[in-house]
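Undergrad: After the structure tokens below, expect a handful of questions from me.
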Amino acid sequence: MTSYLETGRQEIMPEYDTGQDLFRPLSAEQITQLTEQGCSCEDWSGVEVADGFKAETVKSTHFCGRIKLGVFEKRISFFGGVKKPAGISHATIHNCTIGNNVYISHVRNYIANYIIEDEVVIDNIDLLAVEGKSTFGNGTEVAVVNESGGREIPIYDRLSAHTAYVIAFYRHRPEVIGKLQQMIADYSASVKSSMGVVGKGARLINCRIIKNVKVGAASLIEGVSRLENGSINSCSEDPVYIGPGVFAQDFIVCDGAKITDGTIIDKCFIGQGTVLAKQYSAENSVFFANCGGFHGEACSIFAGPYTVTHHKSTLLIAGLFSFLNAGSGTNQSNHMYKLGPTHQGIIERGSKTASDSYILWPAKVGAFTVVMGRHYKNSDTSDLPFSYLIEHEDESVLVPGVNLRNVGTVRDARKWPRRDRRKDKRKLDYINFKLLSPYTIQKMLNGCRLLANLKATSGQNTDYFTYHSVKINNSALDRGIRLYRIGIDKFLGNCLISRLKNKQFRNVDELREALKPETQIGPGKWVDLAGLFAPERVVQKMLGDIENGVIDTLEHLAEAFESMYKSYPAYEWAWAANVLQQHLGKMLDRITPDDIIGLVTRWKTAVIELDQMIYADTKKEFAETAQIGYGLDGGKDTVQHDFEQVIGTFEENNIVLEIKKHIAGKAALGDELISQIQQLNGQ
């Protein structure tokens with residue numbers, strides 16, 4: 001059976017495949033029986049039924065307009081083990097096609113202008129109707145990042161984080177933006193219809209008002225207060241759940257999403273696997289894969305994948321975020337009470353905000369940064385990732401690189417892939433989870449240079465240095481350079497090891513051949529397209545292809561992003577190989593076994609040193625101070641025993657065991673490669 005959610009057909013009353021060969025008019029006997037069962041119709045000739053239709057399955061129902069009815073012959077299961085026969089009762093149905101084995105009961109107002117597919121349940125609702133022609137939320141403009149406008153994203157059913165990123169942040173390429181907007185407008189026109197759809201197996205139970213909403217297959221919609229002008233793009237592999245008290249207007253919800261507990265959304269796109277609950281409210285915002293919003297509020301935000309906020313007092317406003325963990329009381333200001341709320345901010349991927357943190361926009365926070373305290377100056381730390389941004393005596397103090405040795409950073413990088421809730425094989429967002437990548441390493445390289453330049457220009461004995469409105473203490477600057485160099489060595493070594501492992505080399509020429517990149521694309525600047533890493537060169541080519549009409553459909557655009565994602569390993573090695581050549585001062589075709597041994601040795605040292613720092617950081621979580629509050633009514637022995645029963649011991653902690661295993665495994669891998677390369681010396 002064809003789903004009209006997929007075809008987007010626009011007929012006023014499209015034919016619907018009920019599994020029967022044809023529809024036919026009701027017989028005189030069936031009309032009489034329906035009338036005796038409390039049914040009514042102004043013109044029974046407008047009602048057609050499939051072969052096998054039984055009049056006894058429809059009771060106390062008023063029909064008007066053009067009606068087509070399938071066959072109701074199964075028993076439908078409900079929560080708690082209750083079963084009821086399929087059919088229609090206590091409803092008013094206007095201009096609808098109703099599939100096989102549908103259960104409709106107690107519709108207080110009416111159902112109008114809908115195709116209701118097989119095995120749908122509609123029980124105890126107020127209103128389900130389409131008026132006029134609707135795009136069901138497609139084409140709705142969402143004013144992200146800048147609350148005053150200028151970065152509007154027209155949402156549509158299969159919007160990806162990467163498409164949205166280009167539309168929002170490449171306004172300096174107006175021809176690209178215009179063509180993307182036209183593609184989306186064309187798509188929106190293609191799904192425009194005066195008929196709504198409730199997809200196969202969907203359930204609408206105890207709902208109030210639903211207007212101009214397309215409901216996908218297997219959706220569970222229960223107890224909602226109002227849904228208007230939207231698409232619920234559910235599928236049987238990953239159903240959507242929309243629960244009690246939800247208000248939603250001008251929206252699109254993707255498969256696997258869950259919205260419940262009185263959540264309010266207005267002009268929003270809700271991506272695959274996203275959960276919004278516990279009275280969360282959001283307006284003019286987009287949420288992509290696996291985001292989570294609870295208790296708090298969002299206004300004009302671009303929430304890239306894995307943006308999470310759990311607290312009632314947290315406001316995210318006018319910013320770009322991804323892989324963010326927002327602490328309680330997190331807040332930003334985008335309004336200087338001059339030209340309106342025109343300011344905006346960027347918090348790059350993987351960052352965390354501590355309780356009661358505050359940032360005055362405009363500002364830009366580097367990747368994997370922990371923000372603590374209140375920050376009133378317009379800082380830019382994007383070239384100093386993995387840092388702590390701390391408030392001290394009303395000043396913003398930056399501690400560069402220190403988050404590299406934080407066990408929490410490692411834990412985050414490991415948990416994100418495991419917490420991917422998306423079950424649909426068709427992923428809208430292409431997500432790269434890597435902690436160390438050309439994107440972050442290029443920032444570390446920049447960070448090393450700028451920190452060294454700060455020290456050179458300000459003097460060796462300066463107590464602190466100022467960079468983009470933040471202070472950096474002398475000792476923190478030196479430590480930052482050291483940590484960045486460790487991170488750089490680790491990444492480059494990782495790339496080299498991955499390139500050479502499980503390969504055999506009979507001579508130096510074969511070694512050099514193995515190091516040769518498959519592509520020349522990769523060197524240069526990289527960007528993070530809201531979860532997708534890519535060389536800037538590739539992105540610029542894609543933008544040119546849009547302008548030139550080579551990419552002329554949304555499907556071709558999605559294929560371009562997929563190609564970037566799949567090509568990441570080749571691009572990464574091309575970038576790393578270029579950096580290695582710069583570090584060695586020679587091309588790959590001149591590299592020697594001793595060069596490789598030196599690089600692997602540096603990699604081994606970096607991996608072990610960083611793991612030992614993380615090991616020491618983990619140990620702090622088992623110190624005496626961490627045990628305060630345990631063993632409430634006992635002595636010291638009771639405290640420790642209670643702590644171990646709840647948290648476990650340091651030696652048995654999973655992270656600790658993984659670190660030890662990692663150190664041993666990487667050391668062995670490095671030694672094995674060094675031994676193999678040493679055999680090439682003298683050849």
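Undergrad: From Ser387, Ser382, which residue is among the polar types (S, T, N, Q), surrounded by 20 or more Cβ atoms within 10 Å (Cβ to Cβ), under 15 Å from Lys352 (Cα atoms) and under 24 Å from the mean Cα position of the chain (by Cα)?
TA: Ser387
Undergrad: Also, I was wondering about something else. Based on what the data block shows, is Met564 in contact with a strand residue (DSSP E or B) (Cβ under 9 Å, 6 or more places away or on another chain), of a type in the set (A, V, I, L, M, F, W, C), within 30 Å of Arg485 (Cβ to Cβ) and part of a helix (DSSP H, G or I)?
TA: Details: in contact with a strand residue (DSSP E or B) (Cβ under 9 Å, 6 or more places away or on another chain): yes; of a type in the set (A, V, I, L, M, F, W, C): yes; within 30 Å of Arg485 (Cβ to Cβ): yes; part of a helix (DSSP H, G or I): yes.
The answer is yes for Met564.
Undergrad: Of a type outside the set (Val, Ile, Thr) and not in a loop (DSSP other than H, G, I, E, B), is that true of Lys586? Quick ask: steps written out before the conclusion?
TA: Numbers: of a type outside the set (Val, Ile, Thr): yes; not in a loop (DSSP other than H, G, I, E, B): no.
When the stated conditions are applied, Lys586 does not pass them.
Undergrad: Can you name every one of the strands (runs of 3 or more DSSP E) wholly within the range 313-354 that holds 3 or more residues which are over 19 Å from the mean Cα position of the chain (by Cα), more than 23 Å from Phe533 (Cα to Cα) and at pLDDT below 95?
TA: The qualifying strands (runs of 3 or more DSSP E) are 331-333.
Undergrad: Ok, one more. Could you tell me which residue of the range 184-221 is surrounded by the most Cβ atoms within 10 Å (Cβ to Cβ), considering only residues that are outside any loop (DSSP other than H, G, I, E, B), among the charged types (D, E, K, R) and assigned by TED's automatic domain parsing to the domain that holds Asn138? Walk me through how you get there before you give the answer.
TA: Of the residues in the range 184-221, the ones outside any loop (DSSP other than H, G, I, E, B) are 184-190, 193, 196-198, 203-205, 209-215, 220-221.
The next check asks that each one be among the charged types (D, E, K, R); those that pass are 186, 203, 211, 214.
The next check asks that each one be assigned by TED's automatic domain parsing to the domain that holds Asn138; those that pass are 203, 211, 214.
Numbers: Arg203: 22, Lys211: 18, Lys214: 30.
Per the stated criteria, the residue is Lys214.
Undergrad: Follow-up question, since we're still on this one. Quick check: anything in the range 441-452 assigned to a helix (DSSP H, G or I), polar (S, T, N, Q) and touching a Pro at 6+ places or on another chain (Cβ under 8 Å)?
TA: Within the range 441-452 (the criterion being assigned to a helix (DSSP H, G or I), polar (S, T, N, Q) and touching a Pro at 6+ places or on another chain (Cβ under 8 Å)), the answer is no, since none of the residues qualifies.
Undergrad: Name the residue that is farthest from Ile596 (Cα to Cα), counting only residues in the range 453-480 that are in contact with a Pro (Cβ under 8 Å, 6 or more places away or on another chain) and not charged (D, E, K, R).
TA: Within the range 453-480, the match that is farthest from Ile596 (Cα to Cα) is Ile472.
Undergrad: Only one of these conditions is not met by Thr32: (1) closer than 19 Å to Gly199 by Cβ; (2) of a type outside the set (Asp, Glu); (3) at pLDDT 95 or above; (4) loosely packed, with under 13 Cβ neighbours inside 10 Å. Which number is it?
TA: Only one criterion is unmet by Thr32, namely (1).
Undergrad: Can Arg414 be described as of a type outside the set (Ser, Thr, Tyr) and surrounded by fewer than 17 Cβ atoms within 10 Å (Cβ to Cβ)?
TA: Numbers: of a type outside the set (Ser, Thr, Tyr): yes; surrounded by fewer than 17 Cβ atoms within 10 Å (Cβ to Cβ): yes.
Judged against the criteria, Arg414 is a match.
Undergrad: Among the numbered criteria (1) free of Cβ contacts under 8 Å to residues at least 40 places away in the same chain; (2) under 30 Å from Asp595 (Cβ atoms), which single criterion is violated by Asp637?
TA: Asp637 satisfies all of (1) free of Cβ contacts under 8 Å to residues at least 40 places away in the same chain; (2) under 30 Å from Asp595 (Cβ atoms) except (2).
Undergrad: For residues in the range 570-588 being in contact with an Asp or Glu (Cβ under 9 Å, 6 or more places away or on another chain) and over 24 Å from Ala667 (Cβ atoms), which is surrounded by the most Cβ atoms within 10 Å (Cβ to Cβ)?
TA: Here the answer is Ala574.
Undergrad: Further question on the same structure: Tell me yes or no: at least one residue of the range 522-537 is free of Cβ contacts under 8 Å to residues at least 12 places away in the same chain and either in a helix (DSSP H, G or I) or aliphatic (A, V, I, L, M) (or both).
TA: No, every residue in the range 522-537 fails to be free of Cβ contacts under 8 Å to residues at least 12 places away in the same chain and either in a helix (DSSP H, G or I) or aliphatic (A, V, I, L, M) (or both).
Undergrad: Does Ile88 count as more than 33 Å from the chain's Cα centre (by Cα) and buried (at least 19 other Cβ atoms within 10 Å of the Cβ)?
TA: Working: more than 33 Å from the chain's Cα centre (by Cα): yes; buried (at least 19 other Cβ atoms within 10 Å of the Cβ): yes.
Spelling it out, Ile88 is indeed more than 33 Å from the chain's Cα centre (by Cα) and buried (at least 19 other Cβ atoms within 10 Å of the Cβ).
Undergrad: Also: Which of the residues belonging to the range 124-150 are at pLDDT 95 or above, over 19 Å from the mean Cα position of the chain (by Cα) and assigned to a loop (DSSP other than H, G, I, E, B)?
TA: Of everything in the range 124-150, those that are at pLDDT 95 or above, over 19 Å from the mean Cα position of the chain (by Cα) and assigned to a loop (DSSP other than H, G, I, E, B) turn out to be Val130, Glu131, Gly132, Lys133, Thr135, Phe136, Gly137, Asn138, Gly139, Thr140.
Undergrad: Just give me the residues in the range 90-140 being basic (Lys, Arg) and either under 30 Å from Gln182 (Cβ atoms) or in contact (Cβ under 8 Å) with a residue 60 or more places away in the chain (or both), in sequence order.
TA: Lys133
Undergrad: Can you name every residue in the range 495-509 that is surrounded by 13 or more Cβ atoms within 10 Å (Cβ to Cβ) and part of a helix (DSSP H, G or I)?
TA: As a first pass, look at the range 495-509 and keep what is surrounded by 13 or more Cβ atoms within 10 Å (Cβ to Cβ): 495-500, 505, 508.
Those that are surrounded by 13 or more Cβ atoms within 10 Å (Cβ to Cβ) and part of a helix (DSSP H, G or I): Cys495, Leu496, Ile497, Ser498, Arg499, Leu500, Val508.
The values are calculated or read from the model by the stated rules, or taken from the named source; none is laboratory data. Since we're looking at a predicted model, the values are computed, not measured. Because the Cβ atoms are built from the backbone with ideal geometry, glycine has one as well, and the counts that use them run over all protein chains shown.
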